[in-house]
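Structure first, commentary second.
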Amino acid sequence: MTQSTLTYNGFYSESPRPGILGWLLSTDHKRIGIMYLCCITTMFIVGACLGIAIRLELIAPGPTIMGPQTYNATFTVHGIIMIFMFIIPSVPAAFGNLVLPIQIGARDVSFPKVNLISWYCYVIGAVLALFSIFTGTGAPDTGWTFYVPFSTHTNTNVSLAAFAAFMLGFSSILTGINFVTTIHRLRAKGMTWGRLPMFVWTLYATAWIQVLATPMLGITLVLVILERTFGAGLFDAARGGDPIMFQHLFWIYSHPAVYIMILPGMGVISEVIPVFARKPLFGYWAMAFSSLAIAFAGSLVWAHHMYASGMSDFAILVFSFLTFIVAIPSAIKVFNWVSTLYKGSIELAPPMLYALSFIFNFSIGGLGGLALGAAASDIHLTDTTFVVGHFHYTMFGGLGFAFFAALHYWLPKFTGRMYNHKIAVIAWALLFVGFNVTYMAMQAVGIQGMPRRYYDYLPEFFPLNLVSTIGSWVLAIGLIMMFVNLWQGMRKGPVVGKNPWGAATLEWTVPSPPPMDNFGPDDPVVTRGPYEFKGVVADEY
Amino acid sequence: MSIEHRDDTGARFGMWLFLYTEVILFSGLFILYAVSLAKFPVQFAEASHKLNIYFGTVNTLVLLTSSLTIALAITAIQRNQIKRTLLLSAMTIALALVFLINKYFEWSAEIGHGIYPGSEHLAEMGPGVTTFFNLYYFTAGLHGLHVLIGGTLISIVSIMVAKGKVTAERYTLLENSALYWHLVDLVWIFLFPLYYLIL
Ligand code: HEM
Ligand SMILES: [Cu+2]
């Protein structure tokens, strides 16, 4: 480190083992969190490059930069990376590990060794997935959904990719078990359920979904691998199997998985908004229970992905209805954030800008979700780029932006240094504009009827595709600027004290970066709620 | 540096959560069984009669006994009877081996008849029969894998008992392995009637 020296290095220097092994064998939740953060960010950058490449291919009708087979592989690998290696673990595994134990006044998670194993499962999964691109019979080309019968018949490296996703699922399960147990067993004295920060509540709901839903993906992927190896035909209609059953099993996990993706993001937003509006979170219990309600209701709606696959009309009616039910707790959250902002003394610091754009993007994505939840409009929109626009609005505009908010909010805590705010704001503006241009155009061209996952398209779809691709470049510039700024800030930024934002949750009462065992010799005793700002002062930096 | 932390209730709680995930893992196969049974009731019955019920029955008895021995091992370690704990654990492991050997003979016989996933003989028997046997092999295979994992787990913990790392005051590891073993038993209790008995 250069320039102003940090006098205190926290968990970076205090380790029972020195050097790289002190990291690779560490069971400390903060070190594991940092390791997750590094891997996940790397995977995000790889995935984003592939995304830009897809958009570049679609800039104009006809072949531009790659062939059709490469295109199929590119969007498949982009999807697998972004879903299984970026958004599912991003906030829970990285920031959950970093922040959750400190927020509830614990010294570590319940099972530190399991935590480390979970990180290794993630790394093995990621490495295998990357292997599947370069080895064997070519990169998988099924789309991240591994739909049969194509996935059981294609000659590409699907088995390896499916096994990689299996390992990543295992990692996710272990994290979930750890968090549920930790929240039940390791809360500090005075940390009642009513004083849990909202981030902890959302991680709690998320962890239950991870535990209850992920094994279903596990068995589905194992079956795909077995089908490929033995040609068993459980999903093959010609041999008495049923491809629709695959879709059911797959979405029984993968729909709840979108709540694994979004809930922790909502938790981040619920932390950031009160701090920068300097008001307690509006409707604490409504917020806590809506998280659980989203997790519960979200587990019942998987078949809204299958309206067009062949289901009874009655089943469509039921799943359509249930899908609309999920909108209620989601809307409760949005209204409560807005009510928290109402008459607050709002400070537009970088984390807050990302949080506000989360609300904006997530609302657009959510409304699009209603259009897709209603069977009538879904029949028109399914498998068009409208769907792609919709899920990017919720996942990238939602969780992605929440992840960026979390980076800007908590990195100073864990590095002890602050990034440049002006550059952060410019990067945010580019990101926000680029994001909306890219995906709004994609939604619009989808409504016109442009199918998704197509290598080529009719000339009338050209203008909007061009707009979308140009948007993706603005987006990319914003991303580069944001990452460079954060990196520079972490290395050379001004040193910050314990509490640069003036927040009231426990992690801001310990030094930045926190010491190895979080709280010094005595366990903390909690005497106030997470959003009682009276008497809390922000440190200068 | 780090402060000694021990939470037996928490460890047990975590194990129960993990067992729940195992139940869901198997439930995917049970769902497929239910759907296929509804589609091919006659063929399922026909296929089920081809399975040798004696193998299944013996294995059920073996697993039930092993659940008993591992449960007794827990009582033994609570009373600080280390030798008896080791003996009972060894019996559990032996029974696990008997189960696997029995399964080996059962599968060999069936494979000898040309019945295995992807075989031509099976394909000739038509859709429903094929589905039954595929599910049978995959479910029993996954269960067999769990027997193997459970046996390994109990072996490792037994070594720790012998070395004095798992003791009368500190036996959660043994208890958790036993819980896992009961799950293996429980899954079989469902598999046995579904594949051998009721059709
Ligand atoms: C630089 C940013 C990104 C760009 C330019 C981008 C662009 C695209 C494009 C053009 C597609 C292909 C759509 C299709 O034809 O089906 C796509 C698919 C997809 N993207 Fe992104 N994306 C980006 C970031 C993300 C992020 C952050 C996530 C997850 C949070 C994500 C998840 C997905 C998924 C799951 C698919 C579906 C792949 C499939 O159809 O199998 N993307 N993306
Ligand atoms: Cu869904």
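The values are calculated or read from the model by the stated rules, or taken from the named source; none is laboratory data. The structure displayed is predicted, hence computed values, not measured ones. All Cβ positions, glycine included, derive from the backbone under ideal geometry; neighbour counts span all protein chains shown. Keep in mind that these areas ignore ligands, DNA and RNA; they rest on the heavy atoms of the full protein, side chains included. Shrake-Rupley method; radii C 1.70, N 1.55, O 1.52, S 1.80 Å.
The table for this structure:
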item: Principal-axis tilt of helix A:313-341 within chain A, Cα atoms, nearest 10 degrees; result: 30
item: Total accessible surface hidden between B and A, rounded to 100 Å², 1.4 Å probe; result: 2800
item: Anisotropy class of the range B:53-199 from Cα gyration tensor, a/c 1.5 cut; result: prolate
item: Anchor B:Lys83: aspartates and glutamates whose Cα lies under 15 Å away (excluding residues fewer than 8 positions away in-chain); result: none
item: Approximate spin-label separation A:Phe462-A:Ile117, in nm, with each point projected 7 Å along Cα-to-Cβ; result: 5.8
item: Percent of Cα-Cα distances greater than 22 Å, calculated over the range A:17-108; result: 46
item: For chain B, calculated [θ]222 nm from helices alone, where every DSSP H run of n ≥ 4 adds -39500 (n - 2.57); result: -28000 deg cm²/dmol
item: Long-range HN-HN contacts of A:Arg417 with modeled amide H, under 5 Å; result: A:Val496
item: Förster-model FRET efficiency, 51 Å R0, B:His113 and A:Lys534, C-beta, rounded to 0.05; result: 0.05
item: Relative contact order (%) - criterion: Cα under 8 Å, at least six apart; region: chain A; result: 18
item: Cα gyration tensor shape of the protein assembly as shown, rounded if a/c is under 1.5, else prolate or oblate by comparing a/b with b/c; result: oblate
item: Efficiency of FRET between B:His121 and A:Ile379 - r from beta-carbon atoms, R0 35 angstrom, step 0.05; result: 0.20
item: Alpha carbon centroid spacing (whole Å) that separates the range A:341-371 from the range A:187-224; result: 24
item: Cα-based Rg / Dmax (Å) for the range A:1-155; result: 19.7, 60
item: Computed [θ] at 222 nm, deg cm²/dmol, chain A (DSSP H ≥ 4; -39,500 (n - 2.57); rounded to nearest 500); result: -21000 deg cm²/dmol
item: Fluctuation leader among B:Phe18, B:Phe30, B:Phe55 - chain B, Gaussian network, Cα springs under 10 angstrom; result: B:Phe18
item: Relative compactness, the range A:318-411, computed as alpha-carbon Rg over 2.2 N^0.38 Å; result: 1.22
item: Residue-wise HN-Hα coupling along the range B:176-184, computed from phi with Karplus coefficients 6.51, -1.76, 1.60 (Hz; x: Gly, Pro); result: 5, 5, 5, 4, 4, 5, 4, 5, 4
item: Label-to-label distance, nm, for residues given as A:Arg185 and B:Phe105 (7 Å Cα→Cβ offset); result: 4.3
item: Separation in nanometres of the label points that stand 7 Å from Cα toward Cβ, at B:Asn52 and A:Thr527; result: 7.5
item: Residue-wise HN-Hα coupling along the range A:353-367, computed from phi with Karplus coefficients 6.51, -1.76, 1.60 (Hz; x: Gly, Pro); result: 4, 5, 5, 5, 6, 4, 4, 4, 5, 5, 5, 4, x, x, 5
item: Count, lysine Cα pairs under 20 Å in chain A, 8 or more residues apart or across chains; result: 13
